[in-house]
Every structure is written in C-alpha cells, then in structure tokens.
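In what follows, a single structure is set out as structure tokens and then discussed.
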Amino acid sequence: MISKPPQQIGTASRWHFRLAAGALAAAATAEFGFQSRCGAAGAGPLGWLALLGAASWALGLIWRERVGVLRAWMCFVWVVMSGLVLMRLGLRWGSLSGGLAFTGMEAWRFLGVPLSAPLLWWVMAGGGYLVVEGLWGEWRAGVSALTALVAVQQALMVLPFQVSRGRGYWRWDGAPETAQAPLVAMPWAALGGWFVMGLGLALGLVVLGDNWSRPETRTRRQAWVPAAVLLVVTAVCLSANLAAALPLAVIFSTVNLGFFGAVVIWYLRDRSDRRRIPGA
C-alpha cells in the first residue's frame, strides 16, 4: 500500500525558515556573548525580547504549516492575549501569579506588562504543545496536561535568573531575599497557578487547532524544529543560571536541555525517508 504524503496546509518557504533560524541564532549568540562579558545580565532586556521574538517567529512558522495561516494567528493571539490579561490580573490581585511583580527594568511594556511575558508564554505553551503533541498526538486531554507540566518546568528555569540580581526584571512581593535564592523564596502556590494557566492555554490550542494532530500529517521539519527552538532557549537559560550561580535552576535547565535534545535526536535519527517527507 502506498503511504499518503503528509498534508501541507500552510507550508512556509525554505528561505523563510532560514531567516527565522538566523534571527534565533543571532539572538542566542548575542546572549552568550554578553553573558561571557556581563554575567547573568546577558544582552539585557532588549536582547531577551529579541530572543523570544525570534523563537516565537520560528514556532509560528510551524503552527502555520500545521493549521494554516488564519488558525496559526488565532492560536498566537489566544496565547499572547490570554498571557497578557492573566499577567495583568496577577499584578492587580497577586494571587494568580503567586505575588509575582515586575520591576520596570524590562523593555517595551503594554498595560504594565512587559511584552516579553506573553511572548514567553507563547514559547513555553505554544512550543511545548507542539513537542508534546508530536509525542502523544492522539491523547488530547493528556497532551494538554503534559503541555502544562512542560510549561511549568520551563518557568522553573526562566524565572530564577530573571529574578536574580543579574537581571532583576521580576520579583516576589514581600520576599527581598529573592535576589539570593529565587526558587527558595518563590511562593510554591504559584506553580499551581502556572499549571492551571498552561492547561487553559493548551486546551484553547486544542480547540483552535481542531482535528489536526494526526501523525500522518506531520513532516519531519514540523516534528523536530519546535524542540530545537526550545533547546536553544534552554541553552541560553542554562548559561544565565550558571552565571548567576543558581544551582536549583541549573538542574531544571539541564533536565530541559536533555529532554528537548533527546526529542530532536529522536526525530532526526532516521534519515531514510527524507525523500518522501516534504519539508525534511
């Protein structure tokens, strides 16, 4: 029986992917370079925003191929606007984010929330969803729950160096010792809030993505690129946590590095079907 070729809904051109990959590589290189000179501060708030922007661009291209241009934008707007609104509510009442507040150090704010915050949710939830969906695509409720867990795990590697003295973008209300021990000072109830938020975002992606998670519709590029994007972001976070001397955060970063790296290797290990898989 001849296998049906993967469905191409909104295929992006190769040069478009190369531009996105180049932007991500340039932003990551700048982060590594500045971290070697300035420590955990890295390339500063604009550098961090540029990294998340490039990662969001690359992930958006994969969403475009999976669900089409319109639905990809719907998914992006759903995650970014939900993240923006929930972060704003968290600033107002505190309970939704466990007392997390912004210090005003980050660049480009909207409604009091740095633009990097909702973009970070798109990278964590939107990117995490693509990785998890690739592994367990037929299990919708499970995919949503696992995506939320992946998002929380990523938050545990991002928050520490963001809260540390090296950057000081965020802080925990009433916890001045956060600068020395971000994870120790963190209200652990915040993890429950992040999980619920990640779960809600993932369930929304299931609805907006409709019935598109069939394995036979996935190209090789759609499988490994999301994990590779998250792998690059994780490497930057690991370097920043090492520079800030945050051992617990280094552990979480290392776990993520191993997970996303294993996913990339898993999908690239067999090249025998490259000729019959578009976008490989």
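Coordinate-derived values only; no laboratory data. Note that this is a predicted model, so its numbers are computed, not measured. No Cβ is skipped: glycine too gets one built from the backbone with ideal geometry, and neighbour counts run over all protein chains shown.
Things to note:
- Neighbour counts of C-beta atoms inside 10 Å place Leu19, Leu199 in the sequence Leu19, Leu199, starting with the fewest.
- Ala101 versus Ala25: modelled label distance in nm, points set 7 Å from Cα along the beta carbon direction: 4.3 nm
- Under the Karplus curve 6.51 cos²θ - 1.76 cosθ + 1.60, θ = phi - 60°, whole-Hz ³J(HN,Hα) for the stretch 68-73, x wherever Gly or Pro sits: x, 5, 4, 5, 4, 5
- Ascending count of other beta-carbon atoms within 10 Å, so fewest first, for Phe102, Phe32: Phe32, Phe102
- FRET efficiency for the Leu111 to Val69 pair, using the beta carbon distance and R₀ = 35 Å, is estimated at 0.80.
- Karplus 3J(HN,Hα) series, Hz, for the stretch 74-86 with 6.51 cos²θ - 1.76 cosθ + 1.60 (x for Gly, Pro): 4, 5, 4, 5, 4, 5, 5, 5, 5, x, 5, 5, 5
- Panel order for Met81, Met74, by other beta carbons found within 10 Å of each beta carbon, from fewest to most: Met81, Met74.
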